[in-house]
Structures are given as C-alpha cells and as structure tokens.
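> Pasting a structure here, questions to come.
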Number of protein chains: 6
Amino acid sequence: MRTDQRNVNSLRPIMITTDFIKHPEGSVFIQVGDTKVICNATIEDRVPPFMRGQGKGWITAEYAMLPRATQDRNIRESSKGKVSGRTMEIQRLIGRALRSVVDLDQIGERTVWIDCDVIQADGGTRTASITGAFVAMVLAFGKLLQTNTLKKMPVTDFLAATSVGVLPDGTEILDLNYEEDSMANVDMNIVMTGSGEFVEIQGTGEEATFSMAQLQTLLALANEGLSEIFAVQKNAIGALSERIGETVK
Amino acid sequence: MRTDQRNVNSLRPIMITTDFIKHPEGSVFIQVGDTKVICNATIEDRVPPFMRGQGKGWITAEYAMLPRATQDRNIRESSKGKVSGRTMEIQRLIGRALRSVVDLDQIGERTVWIDCDVIQADGGTRTASITGAFVAMVLAFGKLLQTNTLKKMPVTDFLAATSVGVLPDGTEILDLNYEEDSMANVDMNIVMTGSGEFVEIQGTGEEATFSMAQLQTLLALANEGLSEIFAVQKNAIGALSERIGETVK
Amino acid sequence: MRTDQRNVNSLRPIMITTDFIKHPEGSVFIQVGDTKVICNATIEDRVPPFMRGQGKGWITAEYAMLPRATQDRNIRESSKGKVSGRTMEIQRLIGRALRSVVDLDQIGERTVWIDCDVIQADGGTRTASITGAFVAMVLAFGKLLQTNTLKKMPVTDFLAATSVGVLPDGTEILDLNYEEDSMANVDMNIVMTGSGEFVEIQGTGEEATFSMAQLQTLLALANEGLSEIFAVQKNAIGALSERIGETVK
Amino acid sequence: MRTDQRNVNSLRPIMITTDFIKHPEGSVFIQVGDTKVICNATIEDRVPPFMRGQGKGWITAEYAMLPRATQDRNIRESSKGKVSGRTMEIQRLIGRALRSVVDLDQIGERTVWIDCDVIQADGGTRTASITGAFVAMVLAFGKLLQTNTLKKMPVTDFLAATSVGVLPDGTEILDLNYEEDSMANVDMNIVMTGSGEFVEIQGTGEEATFSMAQLQTLLALANEGLSEIFAVQKNAIGALSERIGETVK
Amino acid sequence: MRTDQRNVNSLRPIMITTDFIKHPEGSVFIQVGDTKVICNATIEDRVPPFMRGQGKGWITAEYAMLPRATQDRNIRESSKGKVSGRTMEIQRLIGRALRSVVDLDQIGERTVWIDCDVIQADGGTRTASITGAFVAMVLAFGKLLQTNTLKKMPVTDFLAATSVGVLPDGTEILDLNYEEDSMANVDMNIVMTGSGEFVEIQGTGEEATFSMAQLQTLLALANEGLSEIFAVQKNAIGALSERIGETVK
Amino acid sequence: MRTDQRNVNSLRPIMITTDFIKHPEGSVFIQVGDTKVICNATIEDRVPPFMRGQGKGWITAEYAMLPRATQDRNIRESSKGKVSGRTMEIQRLIGRALRSVVDLDQIGERTVWIDCDVIQADGGTRTASITGAFVAMVLAFGKLLQTNTLKKMPVTDFLAATSVGVLPDGTEILDLNYEEDSMANVDMNIVMTGSGEFVEIQGTGEEATFSMAQLQTLLALANEGLSEIFAVQKNAIGALSERIGETVK
C-alpha cells in the first residue's frame, strides 16, 4: 500500500481544464494529484533563425516553477540570472516530445511556444507538463483550423507522459508523488503516443541500478497508466480529437 | 461611459481566494476584473546580510508575469538572464508599501518573502499585487500567531492600492483596465492605509502633464475606491482582521 | 533650523556650468549644494527598434554614480555585471520626464541619449539630474537648430525637479540633503513644467505614512522651490530660452 | 553495411591512454573511433555547501568541447557567458552515472571533479566521456589508496556507456558515429555496470517513435557492446581493477 | 611639426588638482591636454580573500570612461553587463604599476582602491590615470599618516607614465594625442619610477613592427618626458613628497 | 644553474605536431617543455560587423585552459559566465601579434579564428600559443592557396614569441618555466618577426622594477632564443615556408 493508499498501478486523479487563460491560443490547467501546471500554447508567425527558409515550423517549450510551488521557497531563475540545468533538461524534453507527433511541414514557418508554469509541485511536474502541453497545443492548432490558416490538423497522434519507479523495497510503482520520488531508487519517465509507440524513455538510478526484469515491469506499468491518461486528454479536447491523425508523417 | 460600461468612479469586481496553494504560509489568488495574480507569502527564519544582528525583520517582494499573461507573449526574464527595470520598480514598490504597515521589530530576525505572479494581465497588476500581497502576508503572520511564534499581530493597519488616471478627453477615472491604461495621459498609483493615510503616490504623465486641480480629483477617486477594497480584504481575512492594529509603530 | 542652517523652504545653492565637456552635443555640470552631476546629451541619428518607421524620435537616459561619489565606496555596476533596481528606476524617471516636454514628432527618427553621471552625492541626485539634463538637452537641440537640421525647437516648456520631505518631528522641508534624506519619514520627488503643471509625483513613506494635509504642504513647498530653479535654468540656457515653447504638443 | 563498413553490432576501435596529463590525480585520453576526449579527475578535500556535515563525498562533472572539435566552429561557452542546455544535460548525466557505482560514504567529505573535454567529435561524445571518466576516477582513487587516505576502493562496480540507434530504414545499430547519429530516427544512450545492471537509459525519437520490439533489440545490442568496453577499461586500469567491488553499497 | 604644433619631444600641458571630490581619502583631477581623468583613492580596512592572514595590503584599480568622454558615445559597460578586454587590461596595468612602488607589508591588511574615471578622452587615458592615481594614493596614505594609522609613508618612489610612438612617416614622438594615436604604427606605454627604473614597458605594433634602433629612441623620449611629469606630481603632492622613499622595499 | 639544469640562454625542447585534429583548416599541437597547447585555425567567410564592406580580412584569437592544465583545478570560465582579465589580455595579444605579419587586404572579407587551448601549463602558455598559432594560421592559408581561393600567401614574415625574465638574484634568463615565472621579479614577453623586428614587448615588474641595462640583456636573450624557434617553425611548416614573404605589406 502506498503512502496515499493507491495501488502500485494506480494513477493519481487527473483533471484538465481547457481555456484557462484568455490570451493564449491554447490554454490548459492540468492537475495530477497535487501537481498543478498551467500549460499555454502560443502561435508565432515566424521560426527561429536556424529554421528559416525551409518552409516548415518549429515547436519549443519553456518550463518554470513559481517560487513556492515547492515545500521550501526556491529562488526565482530570473533573479539568479540563469536557468538551471534541470530546467533546461525539462524544456528540451517537452519540446522534443511534442515535435515527435507533429508534421512540422504542415504548419509552415510558424513557431509553437509552449509555456509550462508549475503552480504547485508534488512530483511528476515534467510528465504532467507534457500531458497538458499536448492538449494546449492541439487547441491552438484548432484555432488555426477554424480560421483556415491550416487545412489539416498537423498532429499525427496523441501524446502523453507518466513516471514509473522502484521503491527501496523493490516495489515497482506507477505515477510517483513527491514523497515517493524522493525515496525511489529508480525513476523513469516515459513518453508515449496514442498508438503505443515510445517517444522517450528516461530511466535513471540515482546512486542505484536496475535490472532487465525490473525494466520490463516498469514499461508495462507505464503502458497501462498511459491508456487512462489518453482517455482524459480525449475528453478534454472534445470534437477536435477526431482530427488527430488526419496527417501522417 | 467607459469601454466596459463602468462609471468613472467604479472599481472592477474584486475577488480574493485565500489558501490558494498548499505550501506557502500565506497564499492568495486575487482577481481584479480580468487581472489575476497569485500572491504567496513565505516566512524565512533569517534576514538578509545588511539587516543581521539588529533583532528586527525584513519584507521583500518579487513580481513576475507568465509569458502569456499578456496579449502578445513576452520573453521570460529567466531566459533573458535579467530582470527588467519595470519589474524591479514594481518589486521595490510592493516591498516598501508592505513594510510601511508592519512593525519590523515585532517579527524578529525573519524575512517575509512576497511572490506576486501575474497569471493574466488586464491593467493594474501592481496595485492588485499589493492588495493581494497584504492579505497573504496577514495570513502568514496568522500562522505565526497560531504557533505562538509571534505574540502580537505585527501589522499596524490595512493596506491596499488602486490606480487612477486621466483619459485623453480629460475625464478622471478610477481603476484603469489595460485598454484605458494604454491610452491615458496620466497614470497614478495610490497606496493607502485603512485609516486613510498615504503610503505611496506615483503619478506620471507619459508625454503629458496634469494640473493641481486634476491631482485633487484623482486623489478623491482613489480614496473612494480604496474604501471598497478594504472591505473586500477584511472579508477575505476574516477573524484575523480584528488583530490588525494591535501593534502600533 | 536645518543642519545646514537653511530655512524649511530654502533651496541649496544651484550652479549650472554649460559646455562642460567638449565632445557631447549638450554638456552641463550641475551643482546643487554638494551634489554634483555631469549631464551630457547625445543626438543619435536613429531610434530604437520598437520606434522605427514612425517618423518620430525618442529620448532615453542613463544614470550612474562614480564609486566614491558617496561616503563609502559603492561597487561599480559594470563590475557587478548588472544595473541595480534603484538605477533603473532613476533612468526611467529621467527619460519619461524629459519626453513630457518634447514634441517627439518634431525631432524625426533621432534618439537623444541623456547621460547623468554623479561625481559627488549629497542627496537629491535624481532631481539634480533632471534639472541638469533638461539644460543639456536644450543645448543639444540648439546645435540642431544652428545647422538647420531642425526648424523649430521641439521643447514645449521648461522642466525641473526637486525633492520635498517630512522630518521625524513632522516638519515639511524643501530640497533634502543626504543627512535629511536619511532620516526623513517621507520623501517626495516632484517634476514640474515651467507653466506649473505636474509631470511626475513620487511620494513614498519608507516605513511611514503621510496625510492629505501634509501632501498639500509638500506640493506647495515644491512649487515655490521650482520657480527659483527655472530661473537658474533660464540663465544657463541664455538666448535659446526664447525658443522654448515655439512648438506646442 | 554501415558507412564505415562496420557490422550493425560492431563498436568502433577504442583506445584508452592513462596518465595523459601530469597534474590531475587521474588523467585519461579516450578515443572511440574519431571521437577523442580528455577525461581528468580531481580530488578536492571538501564538498559543496548542500553536502557539508554529512561525512560523505560528492562526484560532479563538467563537459566541454573545443570550438573546432566539430566540423563547423562552435562558439566557446565562456564567450557566450553561459552553458548550453545540451552541455548541462551531459554534465548531469556523467555525474549521476559515476555516483551510481561509488560508495560516497567511503570517500569522506571530498569532491571528485570530473572534467571531460572533447578534442575531436565524431558522435558519442557523452558515452565516451562516461567510459573514460570512469577510468580517470578509478585512477584518482588509486592515488588515495596509495597514500592510505582511503582504506578501500570506494568503487563498487565497473561502469561504461555506449549508444544504440535506429536508422531511417529501420536497422538497429550499435555505437553511432556522427553521420549515423545525424540521420538516425532514434538515439539511445545506455549506461551499465560491469554486472549488467542498468544505470541510465535515455532513448529519444527526434520527430520519430519506436516500438517495444525495437527497444528490446537496442537493449541487446548495447549489452553486447558494453561487454567489450569493460574489457578495454580493465586493461587500462591494470592491477587496480582487482580492487573494484571490494566495497558494496 | 605635430598637428597641435608640439615638438616631437614635447608633452601636452599637465594639470593636477588635488582634493577634487570630498568623500575619498585621496582625490585628484588630472588633465593632460584634453584628456581629463578623476582619480580617487579609497582605503578599505580589509584585503581580498586570497590575501587574508598574511598581514600585508593590496592595491587594486578600476577604470571607466563616461559614455561621452569620446567623440562617439560608447555604450556603458554596466549596460552591457560586462567589462571589456581593454578595460580589464588597463585596470590590471594601473594596479600592478602602483604596487611596484609600495611596500605592501607596511600598510597592513588594507586595500587601496583606485578609481580612474575618464571624463574626457584625447589619447593617453591609461598613462594619465597612472600619473594621477599615484598622487591620489599618496594623498590617501597621507591621511593615514596624519592619524598615525601608519607610521611611515609606504611609498618607496615616485611613479608616472607616458606614451611614445612612431608615426607612419617614421617620426618618433612623445605623449600622443588621440589623432596621433589613431594613425601611429607603434604605440608604447612606459611606466617608470622617480629614480629612472622601468616598471612596465608595453610596446605594440598594430599591423606593424619596429626595430631595435626605434625602440632605443622611444625609450629616450619617454625618459625625458617623465622627468617633467615627476616635477608636476611633486608640486601637486607638496610637503608630503618628502616622505616618499622613507620606506625601502 | 636553473632548476631544470638549463643554461640561462637555453630554451626548453620545442615540438610542433601539425594536422593534430581533423576538422580545422590548420591544426597544431605545440609542446614547449611541459607546456602543451592545441592551436587551431578556422577560416570563416565573413568578417565582424565593424569590418564589413572594406574588402579586407580580420584575425581574432581565443585562449583557454583546461581546468586541470594547472597544479590546482581552476574554475571553467564558462561556469563562471565570464572571461577573466588575464584571458582577455592574452587573446588580444595573440590576435594583434598575428595581424602584424598578415596583409589583411590579401585575404578578402574572411575571418581567421585562432583557438589556443592549453592542455597542460608549465609557464609561457601565451608565448607558446603565439608560436603555435602562427603555424596553424600558415597551414590554414595553405589550404586556401591549394584551392586557389587565395593567389598569394598573405603572410609577410615569420612570427614567434618567447619570454625572458630576471630572477630574484638578478640573473637574466630565457624561456621561464612555471617555477621560474612564479619567483621572477621581472617577466617580459617578446614577439618578433623572422627578420628581427619587434612586434610586441610586454615587460612588467610585479612589485619590482628593472634598469635600462637589464632591459638590454633581456632583449638580447630573447633575440637569440627566437632564432631557434623560427627554425622549428620552418621545419614544421615545410615547403609552404617558401611562400612566406611573397606578399609585402
């Protein structure tokens, strides 16, 4: 039994609120247990210098935490004058993951900016960010479809993420909260598509290791959890869900 | 008649949600019309180096906007690697204003960190931040009273802020929204105490000026509006309101 | 009686030396008591990116102190690698104030750079900077008039600044020196035009407040002091003074 | 057949030169095909602030490329004034990986600094860095054993890394060179211990995905390649190899 | 004949004003032709970390130009957020030069901060800075002698600097102004002691070279010019001059 | 007798390895005793903004040390976020020296980037960098001659550097190693052309001075040593040496 009474293969409750903020093209508030993230998607009508002239688009992400998203106040990165290694890793992960399910040729020379701002943290902020950012991005593309700026939904498949891990007693668990994450020997983030393909596997043993057998169990747990998450996303996206996959890469 | 149908002396609807986030000692979500700010107060058990050894406390504030709080996405200050002049001005203003109604000797060698994060901006983010931050700070001190860490509420009076301004046609108005703020000739932020004393007056004519008569009208409008805001704060704070003023500076 | 024997409504001696340095288009050395500031105005034949293509000009200011302008040596901001919040506030104030009395359309796509470098500080460096910068700017425009680059003086009115404040014993005073500034409960900077309109009021109670009655007294003191300062400016500017106001905004 | 004529399961030639530079406690030059990295290990007799007083050690890594390690000159990060997200990710990976096979309690309050400087890059610089850094670290601990500063070798197991990937035609391959890395749909870095446990799996599909079946093939390829790499490390380390594992975590 | 009618071996007029600013322990305004520099010396009662516990002092220098010290406005280094290579070179040179004529053991654990701020530049700002800074430093030590904080003047000899150079036509000249400096093939700065010893020789051919014979002529010119400069310094320092040399290194 | 048994006028063994790294246009590994530097030359087909449109080229240099090039680990400048004054001085020296023997008009609007990375330091890293960088630059120009991008070798003469100094006992010595450099009273770096002209003399007495007679001895020692170094360079460059000097400035 886990500290919050869940089964090893149970997700925390997930809630996705759409159109959370009025300005962005796509705006989502995602809650995974006590982890709460605002995910906004912005469409900009140009691409970064290294992409210009290729007729295709780009997707990039930024991630931040409010100072008191955590138990102790963490120093604002704008005050420190630089972004931490952890933040950069997460930003790169989110952008890369989203790009894997978008046909960049379809969106033309546009940049999709994803902003994930963690309001409250209780473990799994990067996976919640990916799950929420996917919805915000689909909604933003929906706007471009409405105005006929795009002819087809450029998103080829659903995309979501969750974490799995191994507790010190060897138990493999799904969707770690902060307390579990702090004590786990192994922490693995899995990003998958709606059709069950892997996009990203990041498994790491901080001062610990894991066996091939454990890896297989963890992959199965993630697979199971992600099926549920896709259903929540589909529900949040509504009718627009139908159009996901109308483009194939 | 104003663009949002308000009278010249009408405030936008104000809503203050307390205990918004679980980790901070004081946490408030304030909405003033479409301006939405999370205000968190953190108590840290030490003071900055320049204050050490004096046996008194300090209050400091940080202010930020989510990139899509605004119509166009603004670049994250952590990415730019530095905090803008505007942000610094606002941070200094919030801290200074709160310190004017707190007996710093009462709180001992502790720092109150105020974090104001604008989720959605529609004019008046700095004044909404002050109004919300005051409530968050009082709630945080309330925690210290509960645990007997403090014997008396160190807050000497209520504190709130609003804006007034002059439209191009010469009309003086209360509580400018973004559209009004953009076109106003004169923009003035007023911070006042519950007993009607000024804490801060910042009136500025961007490429314009204002007369003594206009100044008097603006001060009267602010005074009127702030009375209503103090009532909303009192309601949000609840029973703890009684203890404000039990310390005198 | 004040520490330097002045009356409550007396200014310190003001001296403005024009053509102080040979390279700038306008160069002024202003002394207000023991506060000494070099104010240089530079005309650049282009505007910042956000102003391009509008056919109008821009005025921007930078402010700095020599490390030993003050009693204790302060660390050079170039060594710290960043500009302090205080410096940014002052820079923004100077630029905004000057823009209020200049018809930016008249000057075409040019930037006026104002550099205020405090050589010695004894209170009131920001107000002395504004008063001196105004003169440097007028002289620089004078050069453009001489070469027929401009047809009309684009300055619509005189502009100067001073400080007023409230001592702990409640006395309201004009033109605070450093010692008075350090102990004052309320400190207010007033920027006015030659015709008596307000451009900026920044009144602040650091850990203190002030009443409506006190505000009125302070405004009257400032008004009185500024009349004298305009006379000193007029004298420094000489014949060119006649042309101020030939453009109306 | 691959562009350099290797079989899908063939490593490039690996050469490890020990005692490459005279000053560091451990110094290694590793060549994996045309990828060439200097790995130096430094022992410092203190730990970072967040580790002090716990009686245990820390291992941290820095990674950099010479500007012309690559085909086109890349800008020096010291000139840019900041470290890129990619560099930070790699540095964190190297440090984390090494810590997984060291008993930090054994080394006392000391920090092992690992510096990996890429002299020439041809794909797989991060995995070559880990493989080389492990050897440099063991040699550095060897010095501490010689002087009896340490009683036992604190390294619990061998550690090495390699890459696997999927080419656009679906072929799974081992140890990608730069050309292969550039075109691969999937790129996976695997860090393993000498006893076959995983330390880190980082698999990523840049604008692509991979199936469970492909994942299994990739893991098997990595496993096979790493066995060979452990043999090269053992040879480079010599007699000191015997002492690896005399401590168990 | 030179552009300003000087002979090849003539210095520009030098004027040294002492006690220029009221706060610093030593304050000098030096004019060498149209080059004008404020040199302030500050005594701080501690040394930088790398010098602590050795019972000896340190001398360090900072150098800056006002933005309009030059014909075109140069960007403030505080705005750029970093100090240029040129500035760093000059700062290091000034500090090193002054340290060569001070017995650091005599001054105890104190730091002398030298601030050289160029108000107006017309060539030779670094040599004027050294010449002026020497005087400011001696005056600051004079204060410490007056209060008996020091028993002996720690300055062992006079110190001054000048420039020499080779014009495109091969003429060797003394004390280059900006126009000459811009066209010279060779530019050499010489720092010497009052007793004729070299402290620093920095000769450089920017896209040019110079022969042994030319070097000898340049050294002789510098020697001649510096004799005159020492006389000006002696005059500025007054009675305190007698005490220079009472300590020998 | 010196600590490493050399005569006062003996160089340490010099070895220059060409084509050290595969990517750069010119790549050299230079060893001067235990000082080891990688010098790479990159040809870029454009010049920095301040040079554009003049039809001539530019040469610029960057210099860095690996953290463990020295006895104690030094902090990476990329981690510090800024380049030290010492590094900037050396970079500027290397670039300036190389430009003195290149006809920049001949190379058209191209930049030669010189990267000097010190792998191991034992004194004289800046002079070894110049000596090695010259060879790397000639090799890079050789590539442009081969492809007929250039018609003539733009290098007008050989160029090399060495150090001379004065030990505490007054002995003048050639080519100081680290130990000697640390104790020397005077340290002088001399850059010369193959035809015996000076390019740069930087002599400095850190807390010491030197006489005219000592200067003459030092110059003679440097002259002698540089003759030998030119021979080593000639040998490394091979047949391409013949073409040096076919352009005259």
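> Enumerate the amide H contacts of E:I59 below 5 Å, restricted to partners 5 or more residues apart or on another chain; note that Pro and chain-start residues carry no placed amide H.
Long-range HN contacts for E:I59: E:V112.
> Could you compute the FRET efficiency for D:E224 and A:M15, with r as their C-beta to C-beta distance and R0 at 45 Å, rounded to 0.05? Each step should come with its number before you reach the end.
On the way: r = 46 Å, r/R0 = 1.01.
Computed FRET efficiency for D:E224 and A:M15 comes out at 0.50.
> What are the ³J(HN,Hα) couplings of region B:9-21, residue after residue, when phi is run through the Karplus curve with 6.51, -1.76, 1.60 and θ = phi - 60°? Round to Hz, x for glycine and proline.
9, 9, 7, 6, x, 10, 9, 10, 9, 8, 6, 6, 10
> Follow-up question, since we're still on this one. Give me the percent relative contact order of region B:140-221, please, defined on Cα pairs under 8 angstrom at least 6 residues apart. Before the final figure, lay out the partial values.
Numbers: 120 pairs, mean separation 20.6, N = 82.
Relative contact order comes out at 25 percent.
> Moving on to the next point. 5 Å is the cut-off here: which amide hydrogens, built 1.01 Å from N in the peptide plane, fall below it relative to F:T35, excluding neighbours closer than 5 in sequence?
F:D122
> Nearest 20 debye, what's the magnitude of the dipole of chain E about its Cα centre given +1 on Lys and Arg Cβ and -1 on Asp and Glu Cβ?
Values: 25 positive and 32 negative charges, 201 e Å.
So the dipole magnitude of chain E works out to roughly 960 debye.
> Report ³J(HN,Hα) in whole Hz for each residue of region B:109-123, in order, from the Karplus equation J = 6.51 cos²θ - 1.76 cosθ + 1.60 where θ = phi - 60°; Gly and Pro get x.
6, 10, 10, 9, 8, 10, 10, 10, 10, 7, 8, 8, 10, 9, x
> Still on this structure: Quick one: net charge of C:V164's neighbours, Cβ under 9 Å, K/R +1, D/E -1?
-3
> Something else about it: Counting only complete DSSP H runs, which helices of chain C cover 27 Å or more along their long axis at the Cα atoms and score a mean Kyte-Doolittle of 1.0 or above?
The answer, listed by residue number, is C:125-146.
> May I ask you to derive the FRET efficiency for A:A231 and A:R52 from their Cβ-Cβ distance with R0 = 41 Å, giving the value to the nearest 0.05? Before the final figure, lay out the partial values.
Values: r = 39 Å, r/R0 = 0.96.
According to the calculation, E is roughly 0.55.
> For D:K152, list the lysines whose Cα falls under 16 Å from its own Cα; do not include residues on the same chain fewer than 8 positions away.
In chain and number order, the partners are D:K56, D:K143, D:K249.
> Which distances in nm, rounded to one decimal and ordered from shortest, link the label point of C:G196 to the equivalent label points in the other identical copies, with labels set 7 Å from Cα toward Cβ?
Spelled out, the distances from C:G196's label point are 2.8, 7.5, 8.6, 8.6, 9.6 nm.
> If you don't mind, another one. What translational D, rounded to a whole number of µm²/s, comes out for the protein assembly as shown from Stokes-Einstein when the hydrodynamic radius is the Kirkwood one over Cα pairs, at 25 °C and 0.890 mPa s?
Numbers: Rh = 36.0 Å.
Estimated via Stokes-Einstein, D reaches 68 µm²/s.
> Additional query: Setting aside same-chain residues fewer than 8 positions from F:K151, which aspartates and glutamates have a Cα under 15 Å from its Cα?
Reachable aspartates and glutamates: F:D103, F:D105, F:E109, F:E242, F:E246.
> Quickly rank F:132-144, F:227-239, C:170-182 as a protection proxy: mean count of other C-beta atoms within 10 Å, highest first.
Peptide ranking by packing, descending: F:132-144, C:170-182, F:227-239.
> Under 21 Å Cα to Cα from A:K80, which lysines show up? Leave out anything in the same chain fewer than 8 places away.
Qualifying lysines at Cα under 21 Å: B:K80, B:K82, C:K80, C:K82, D:K80, D:K82, E:K80, E:K82, F:K80, F:K82.
> Determine the shielding of peptide F:206-214 by partner chains: average, over its residues, the number of Cβ atoms on other chains within 10 angstrom of each Cβ.
Counting Cβ atoms of other protein chains within 10 Å of each residue's Cβ and averaging gives 6.
> Further, regarding this structure: Would you please classify the overall shape of region C:105-196 from the alpha carbon gyration tensor, given that a ≥ b ≥ c denote the square roots of the eigenvalues, rounded means a/c under 1.5, and beyond that prolate means a/b larger than b/c while oblate covers the rest?
Numbers: a/c = 4.04, a/b = 2.44, b/c = 1.66.
Note, shape of region C:105-196 comes out prolate.
> Then there's this: Mind checking the mean number of beta-carbon atoms from other chains within 10 Å of the Cβ atoms in F:43-50?
Whole-number average of other-chain Cβ neighbours for F:43-50 is 0.
> Further, regarding this structure: What does the copy distance list look like for F:Y178, label position 7 Å along Cα→Cβ, in nm and ordered from shortest?
For F:Y178, the other copies' label points sit at 3.1, 4.5, 4.7, 4.7, 5.9 nm, shortest first.
> Tell me which residues come under 5 Å, amide H to amide H, from D:V102 once H is placed; ignore anything under 5 positions away on its chain.
Answer set, sorted by chain and number: D:T156.
> Can you classify region B:41-167 as rounded, prolate or oblate using the Cα gyration tensor, where a ≥ b ≥ c are the square roots of its eigenvalues, rounded means a/c under 1.5, and otherwise it's prolate if a/b beats b/c and oblate if not? List each step's numbers first, then the result.
Values: a/c = 2.23, a/b = 1.68, b/c = 1.33.
It comes out prolate by the Cα gyration axes.
> Within region D:64-78, find all residues whose amide N lies under 15 Å from a label point positioned 7 Å from the Cα of F:D45 along Cα-to-beta-carbon.
Counting backbone N atoms under 15 Å from the label point, the list is D:72-73.
> Explain nothing, just the number: dipole magnitude of region A:1-146 about its Cα centre with +1 on each Lys and Arg Cβ and -1 on each Asp and Glu Cβ, in debye rounded to the nearest 20.
So the magnitude is around 340 debye.
> In peptide D:114-127, how many Cβ atoms from other protein chains are near each Cβ within 10 Å, on average? List each step's numbers first, then the result.
Numbers: counts 0, 6, 0, 8, 0, 8, 6, 2, 2, 0, 0, 0, 0, 0.
The per-residue average across the peptide is 2.
> All other residues with a Cβ under 11 Å from the Cβ of A:Q71 taken together, and with Lys, Arg as +1 and Asp, Glu as -1, what is their net charge?
Net charge in that neighbourhood comes out at 0.
> Next question. With Cβ to Cβ distances under 13 Å as the rule, what net charge do the other residues near A:Q106 carry (K, R +1; D, E -1)?
Spelling it out: positives minus negatives among the neighbours equals +2.
> Give me the distance between the Cα centres of region A:1-79 and region D:30-49, rounded to whole Å.
35
> To confirm my reading of the symmetry, which residue of chain D has the Cβ nearest the axis that brings D onto B, and what whole-Å distance does it have?
Taking the axis that maps D onto B, the answer comes out as D:G81, 5.
> Applying the Karplus parametrisation 6.51 cos²θ - 1.76 cosθ + 1.60 with θ = phi - 60° to the phi angles of region C:32-42, what ³J(HN,Hα) value in whole Hz is obtained for each residue in order, glycine and proline being reported as x?
For region C:32-42, the Karplus-derived couplings read 10, x, 8, 8, 10, 9, 8, 10, 10, 10, 10 Hz, x marking Gly and Pro.
The numbers here are math on the coordinates, done by the rules we state, and not lab data. Keep in mind the model is a prediction, meaning the values are calculated, not measured. Because the Cβ atoms are built from the backbone with ideal geometry, glycine has one as well, and the counts that use them run over all protein chains shown.
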